[in-house]
Amino acid sequence: MKQKCVAPKSSNGLLGRIIRRTFLVLFTAIILLSSDLLLVLNMVFNGPSPTARDQLTMTLIEASATKWVPALFIGEDTVAEIRAGVNAELEDDVTDTTAVVINRGGLTAGSDEWADYPDGIRIEDVHGDTYNAKVMIVRDPAQVYLGISTHEGFSTSIPGKRLTAAMEDEGAIAGINGGAFNDDGTTGSYVGTQPAGLVYSEGECVWTSGKPSETSGFAGFTKDNILVVHKDNISKAQAEELNIRDGCCFGPVLIMNGEINMEAYNIKSGLNPRTAIGQRSDGAVIFVCIDGRQPSSMGGEYQDVIDIMVEYGAVNACNMDGGSSTVMMYRDTYGRYGEAGQVQIMNSYSLLQSEPRKMPDFWMVRPAGEE
């Protein structure tokens, strides 16, 4: 009697079924999780708590990849109202320049603040409950200016620069990221090529186009080296009236004429990397960079930046572009942080980045004697 031969089942077929079923399970899980996330977001955005809505809105609009999300649930007009609200309580519109008396940041008889910092730059660590931060104090405001990525006219066909490259090209001794720029949350080559809003660099108006999509505000130095902050995105005519030499748009204004912006202070703006610029009454400039989106440093709120600025004596201060743009660099003149003369990245930027972002402008510090 002949035995029937039964072909063994193909191992490839079995493996294929396992893979298909695994992908089906994963796909189903993603759909369910996405649905749950949308329900949660809708509950927060359209729920009974305006505070929770505002906090979530501010958190999401500060990240390039998620800035479009709030408008899906509450509309562009409501998002704009929430953004504008952080400047609502400031008594003045613009800095009173008479409140700052430049004395090269403490170069007075018997002053020892700068005795150990002959290059006029002091860097300190600040730690909060949710963040690690770097604070840089620049003695002489005349050394601070807004560097730009190109002198051929901003264009989407001309890439922005990373601060690492800008530091070398400019020969600067320090720098942080600057103001608003075109950023749709993608990795397109045009991202970071053009500023958003008015830009002045070394006495010239180099850009007037594009309204910043973030909270309104302007920060710039006059030709008398006084930092002026304005709670709106100013025009070229206003900048000329204020005698601006270097400046860019972002916000909100954090401190004006010694007055804390309580709306910004009290709003739950979310934990994010943050950058800010300020000035003491003696003229010394304060740069703040807060690390965020990391296990060791989730980030800071506007309140945290204001607290740091107050601690360091700022009479005027403005929030700059933050998030994945936040970066602070210093040419290590005396080898305090590594090899002498080398440019060091002082903060820890986003874990998702291998190097700083490309941007159209930067706050920079030229060597003493070159202003």
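The values are calculated or read from the model by the stated rules, or taken from the named source; none is laboratory data. Every value quoted in this text rests on a predicted model; they were computed, and no experiment measured them. Please note: Cβ atoms are built from the backbone with ideal geometry, for glycine as well, and neighbour counts cover all protein chains shown. For accessibility, only protein heavy atoms count, side chains too; no ligands or nucleic acids. Shrake-Rupley method; radii C 1.70, N 1.55, O 1.52, S 1.80 Å.
For the chain, set up a Gaussian network in which alpha carbons nearer than 10 Å are linked by springs, and say which option among Leu198, Leu39, Leu14 fluctuates the most.
With Cα springs under 10 Å in the chain, the top fluctuation among Leu198, Leu39, Leu14 is at Leu14.
How large is Rg over Rh for segment 192-328, taking Rg from the Cα atoms and Rh as the Kirkwood inverse mean of 1/r across Cα pairs?
Details: Rg = 14.4 Å, Rh = 15.0 Å.
My calculation of the ratio gives 0.96.
At 1.4 Å probe size, with the rest of the protein present, what percent of the exposed accessible area of the chain is carbon and sulfur atoms? Don't skip to the end; give the middle numbers.
Details: 9360 of 17510 Å².
Reported share for carbon and sulfur atoms: 53 percent.
Could you please put Ser49, Ser201 in sequence from largest to smallest accessible area, using a 1.4 Å probe? Numbers along the way, then the final one.
Working: Ser49 50, Ser201 10 Å².
So, going from the largest accessible area down, we get Ser49, Ser201.
At 25 °C and 0.890 mPa s, what whole-number value in µm²/s does Stokes-Einstein give for the translational diffusion of segment 17-91, with Rh from the Kirkwood sum over Cα pairs? Display every interim value, and only then the final one.
Working: Rh = 14.3 Å.
Diffusion coefficient, whole number: 171 µm²/s.
Give a residue-ordered list of calculated ³J(HN,Hα) values for segment 194-211 (Karplus: 6.51 cos²θ - 1.76 cosθ + 1.60, θ = phi - 60°; whole Hz; x for Gly, Pro).
The phi angles translate into 10, x, 10, x, 4, 9, 10, 9, 6, x, 10, 7, 10, 6, 10, 8, x, 8 Hz.
Sorting Thr95, Thr59 by accessible area (1.4 Å probe), largest first, what list results? Don't jump to the answer; show the numbers that get you there.
Working: Thr95 10, Thr59 45 Å².
I get Thr59, Thr95, largest accessible area first.
Can you sort Ser325, Ser64 by 1.4 Å-probe accessible area, starting with the largest? Display every interim value, and only then the final one.
Numbers: Ser325 0, Ser64 25 Å².
Of Ser325, Ser64, the descending order of accessible area is Ser64, Ser325.
For a quick check of your reading of the filter: which trypsin sites (Lys or Arg not before Pro) in segment 291-371 sit in a DSSP loop and have no more than 16 other Cβ atoms within 10 Å? Present the calculation step by step, with values, prior to reporting the outcome.
Details: sites: Arg293, Arg331, Arg336, Arg357, Lys358; in loops: Arg293, Arg336, Arg357.
Hits after loop and neighbour filter: Arg336.
Evaluate the charge dipole of the chain about its Cα centre and quote only its size in Debye, nearest 20, assuming +1 on the Cβ of each Lys and Arg and -1 on the Cβ of each Asp and Glu. Intermediate values should be presented prior to the final figure.
On the way: 29 positive and 48 negative charges, 599 e Å.
Dipole magnitude for the chain comes out near 2880 debye.
Give Lys134/Lys358; Lys67/Lys223; Lys236/Lys268; Lys223/Lys268 a once-over and call out the pairs whose C-alpha atoms are over 31 Å from each other. Show your work: numbers first, answer last.
Details: Lys134/Lys358 21 Å; Lys67/Lys223 35 Å; Lys236/Lys268 33 Å; Lys223/Lys268 36 Å.
Among Lys134/Lys358; Lys67/Lys223; Lys236/Lys268; Lys223/Lys268, the Cα-Cα distance tops 31 Å for Lys67/Lys223; Lys236/Lys268; Lys223/Lys268.
With springs connecting C-alpha atoms under 10 Å apart, model the chain as a Gaussian network and identify which of Gln55, Gln353, Gln294 has the largest mean-square fluctuation.
Evaluated over the chain, the most mobile residue of the options is Gln353.
Return the sequence-ordered ³J(HN,Hα) values of segment 123-138 in whole Hz as given by the Karplus equation 6.51 cos²θ - 1.76 cosθ + 1.60 applied to θ = phi - 60°, using x for Gly and Pro.
Running phi through 6.51 cos²θ - 1.76 cosθ + 1.60 with θ = phi - 60° gives 10, 10, 9, 10, 10, x, 4, 10, 8, 10, 9, 10, 10, 10, 10, 10 Hz.
Scan segment 160-262 for trypsin sites (Lys or Arg not before Pro) in coil per DSSP, keeping those whose Cβ has at most 16 other Cβ atoms within 10 Å, and list them by number. It would help to have the intermediate numbers written out before the result.
Working: sites: Lys161, Arg162, Lys223, Lys231, Lys236, Arg245; in loops: Lys223, Lys231.
Answer by residue number: Lys223.
Please list the three semi-axes, largest first and in whole Å, of the ellipsoid equivalent to the chain, using sqrt of 5 times the eigenvalues of its alpha carbon gyration tensor. Intermediate results must be reported in sequence, preceding the final value.
On the way: eigenvalues 394, 126, 78 Å².
Largest first, the chain gives 44, 25, 20 Å.
Residue-wise, which Karplus ³J(HN,Hα) couplings in Hz belong to segment 297-311, taking 6.51 cos²θ - 1.76 cosθ + 1.60, θ = phi - 60°, and x for glycine or proline?
Ordered by residue, 3J(HN,Hα) equals 7, 5, x, x, 9, 4, 4, 5, 5, 4, 4, 5, 4, 5, 4 Hz.
Calculate the length of the line joining the C-alpha centroid of segment 227-253 to that of segment 315-351, in whole Å.
24 Å
Can you tell me, using C-alpha contacts under 8 Å and at least 6 residues apart, the relative contact order of the chain as a whole percent? List each step's numbers first, then the result.
Working: 840 pairs, mean separation 81.7, N = 371.
Reported relative contact order: 22 percent.
GluC sites (Glu not before Pro), restricted to segment 149-229: which are DSSP loop and have at most 16 other Cβ atoms within 10 Å?
Those that pass, being in a loop and sparsely packed, are Glu152, Glu202.
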